[in-house]
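Taking it in order: structure first as structure tokens, then the write-up.
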């Protein structure tokens with residue numbers, strides 16, 4: 001399997017589902033790998049763990065919403 005394609009698909013999946021709850025095992029399953037193996041592949045390719053990446057993306061979305069004038073309490077609830 002092509003890791004670059006798989007990683008791109010996973011990154012898109014994370015962004016498309018950023019408001020949903022998921023964990024590293026669910027993401028690995030989506031990529032067709034065991035959680036252990038995919039975690040190693042993801043960390044090596046991206047430089048941080050899967051869930052650290054998810055947190056980083058959530059913070060980016062929150063920052064964007066705040067910069068667009070949304071209230072902190074509304075952003076925090078989402």
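Please treat every number below as a calculation from the coordinates, not as lab data. Just so you know, these numbers come straight off a predicted model, no measurement behind them. Note: ideal-geometry Cβ built from the backbone for every residue, glycine included; neighbour counts use all protein chains shown.
State whether the residues of the range 42-54 include one that is more than 10 Å from the chain's Cα centre (by Cα), in a loop (DSSP other than H, G, I, E, B) and loosely packed, with under 11 Cβ neighbours inside 10 Å.
yes
Return the residue satisfying two criteria in turn: it lies in the range 1-30 and is part of a helix (DSSP H, G or I) and more than 13 Å from the chain's Cα centre (by Cα), and of such residues it is surrounded by the fewest Cβ atoms within 10 Å (Cβ to Cβ).
So in the range 1-30, the residues part of a helix (DSSP H, G or I) come out as 3-16, 24-30.
If we keep only those that are more than 13 Å from the chain's Cα centre (by Cα) too, we end up with 3-6, 29.
Details: 3: 14, 4: 8, 5: 10, 6: 18, 29: 14.
Among residues in the range 1-30 that are part of a helix (DSSP H, G or I) and more than 13 Å from the chain's Cα centre (by Cα), the one surrounded by the fewest Cβ atoms within 10 Å (Cβ to Cβ) is 4.
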Completion exercise
Residue pairs qualifying under the 9 Å Cβ cut-off, at least six apart or on distinct chains, with the first in the range 61-78 being over 20 Å from residue 16 (Cα atoms) and the second being not in a helix (DSSP H, G or I), are 70/78
Exercise for the section: Report the residue count in the range 57-78 for those that are assigned to a helix (DSSP H, G or I) and loosely packed, with under 13 Cβ neighbours inside 10 Å. Expected result: 10
Completion exercise
Scanning the range 40-71 for residues that are touching a helix residue (DSSP H, G or I) at 6+ places or on another chain (Cβ under 7 Å) and over 20 Å from residue 6 (Cα atoms) gives 62, 65, 66
